[in-house]
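Written below as structure tokens is the structure these notes are about.
The values are calculated or read from the model by the stated rules, or taken from the named source; none is laboratory data. Quick caveat, the model's predicted, so the values are computed rather than measured. Here the Cβ positions follow ideal geometry from the backbone for every residue, glycine too, while neighbour counts run over all protein chains shown.
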Amino acid sequence: MTAEMVTTQADGQEQATTQPAAGPSLSPSRAADFKTCPLLYRFRSIDRLPERTTAEQARGTLVHAVLERLFDLPAQGRTPAAAADLIAPEWARLVAEEPELAELFADADGAAGFLDSARGLLDGYFTIEDPQRLEPAERESLISATVDDQLLIRGYLDRLDVSPDGALRVVDYKTGGAPREAFEARALFQLKFYALVLWRTRGVVPRVLRLLYLKDAEICDYSPDADELARFERTVVALWRAIEQATANRDFRPKPSRLCDWCSHQAHCPTFGGTPPPFPERPVPSEDRRVAPPSRLVSRTDD
């Protein structure tokens, strides 16, 4: 296996970058899509069907943005009040970048309630973690590695903590209100994806993969080992080969589950009496689009 690293901060300042060669690529979100439902992967990655942004996705993006900016402040200034003060300007910035977000709320009362709900999630954050005691090594960083000599796997870390002895802790904030049992396996899959990249690029297995559930004010920790990540790497490669085969055969079948309740594409799904659009004549079985920066809502659909 070969590996190369791309680590880029969300503010555009590169930390350590090796430009990846052109070729197939896969993010944890799209890999999880295929595992969840092959047809969902097709709708998102091949057909590129539009998805309407939900208030839940917008709130997740807003809270992630506030938590990122919070660590720009001196340690003693990282207080609940300071986080609350960041909500309005960060929301204004997001609306400027995505004007359609303003259409999520019919009136000022709706927008005010939305911002209040973000404050509630931030209160949950301060219940389970003290940011004054932390100095993250990286925030909203794009990391990337090549596995199986050709497949680029990449994604954005919410946060990476490095202890004085060099141990790594991958931290991911979860803000969504969907049932936890339906999403926790997907969330851990995402973190194992990041752990694999870090192991292959830095030679260090993360000591802890941490999920912070802000709504419930709970922490879920998981500690992988090298053997597990080696098996996971084989799983990712096999998953990609299954995607390539499905693309070659134009055969992406629906996989009904509880997650169908949150799917934006029921109108095109045979399970719900819909018909998929014509298969593209020249589908590209790779994520040839650039990974969206973390301020974009597409990066928050897993929360």
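Has the range 262-277 got at least one residue that is assigned to a helix (DSSP H, G or I), closer than 17 Å to Ala32 by Cβ, assigned by TED's automatic domain parsing to the domain that holds Trp199 and out of contact with any Phe, Trp or Tyr (no Cβ under 8 Å at 6 or more places or on another chain)? The answer is yes; a qualifying residue exists.
Quick test for you: out of Asp172, Asp158, Asp216, pick the one residue that is surrounded by fewer than 20 Cβ atoms within 10 Å (Cβ to Cβ) and either closer than 30 Å to Ser25 by Cβ or charged (D, E, K, R) (or both).
Result: Asp216 is the single residue among Asp172, Asp158, Asp216 that is surrounded by fewer than 20 Cβ atoms within 10 Å (Cβ to Cβ) and either closer than 30 Å to Ser25 by Cβ or charged (D, E, K, R) (or both).
Can Trp240 be described as in contact with a strand residue (DSSP E or B) (Cβ under 6 Å, 6 or more places away or on another chain), outside any loop (DSSP other than H, G, I, E, B) and among the hydrophobic types (A, V, I, L, M, F, W, C)? Spelling it out, Trp240 is indeed in contact with a strand residue (DSSP E or B) (Cβ under 6 Å, 6 or more places away or on another chain), outside any loop (DSSP other than H, G, I, E, B) and among the hydrophobic types (A, V, I, L, M, F, W, C).
Restricting attention to the range 219-229 and to residues that are exposed (fewer than 15 other Cβ atoms within 10 Å of the Cβ) and not acidic (Asp, Glu), the residue that is nearest to Val197 (Cα to Cα) turns out to be Ala226. Of the residues making up the range 98-114, those that are within 18 Å of Thr61 (Cβ to Cβ) and either in contact with a helix residue (DSSP H, G or I) (Cβ under 6 Å, 6 or more places away or on another chain) or not aliphatic (A, V, I, L, M) (or both) are Glu98, Pro99, Glu100, Leu101, Ala102, Glu103, Leu104, Phe105, Gly110, Gly113, Phe114. Is it the case that the range 129-142 has a residue that's buried (at least 16 other Cβ atoms within 10 Å of the Cβ), in contact with a helix residue (DSSP H, G or I) (Cβ under 7 Å, 6 or more places away or on another chain) and among the aliphatic types (A, V, I, L, M)? No, every residue in the range 129-142 fails to be buried (at least 16 other Cβ atoms within 10 Å of the Cβ), in contact with a helix residue (DSSP H, G or I) (Cβ under 7 Å, 6 or more places away or on another chain) and among the aliphatic types (A, V, I, L, M). Among the residues of the range 230-242, those that are of a type in the set (Gly, Ala, Ser) and surrounded by 12 or more Cβ atoms within 10 Å (Cβ to Cβ) comprise Ala230, Ala242.
Of the residues making up the range 243-257, those that are assigned to a helix (DSSP H, G or I) and surrounded by 13 or more Cβ atoms within 10 Å (Cβ to Cβ) are Ile243, Glu244, Ala246, Thr247. Scanning the range 63-116 for residues that are surrounded by 14 or more Cβ atoms within 10 Å (Cβ to Cβ), within 23 Å of the chain's Cα centre (by Cα) and assigned to a loop (DSSP other than H, G, I, E, B) yields Phe71, Glu98. Every condition in (1) outside any helix (DSSP H, G or I); (2) touching a residue at least 60 places away in the same chain (Cβ under 8 Å) holds for Gly124 except the one numbered (1).
Name the one entry in Glu135, Glu140 that is assigned to a loop (DSSP other than H, G, I, E, B) and either of a type outside the set (Gly, Ala, Ser) or closer than 22 Å to Ser29 by Cα (or both).
Glu135
Among the numbered conditions (1) in a helix (DSSP H, G or I); (2) surrounded by 15 or more Cβ atoms within 10 Å (Cβ to Cβ); (3) within 17 Å of the chain's Cα centre (by Cα); (4) among the hydrophobic types (A, V, I, L, M, F, W, C), the only one that Ala185 does not meet is (2).
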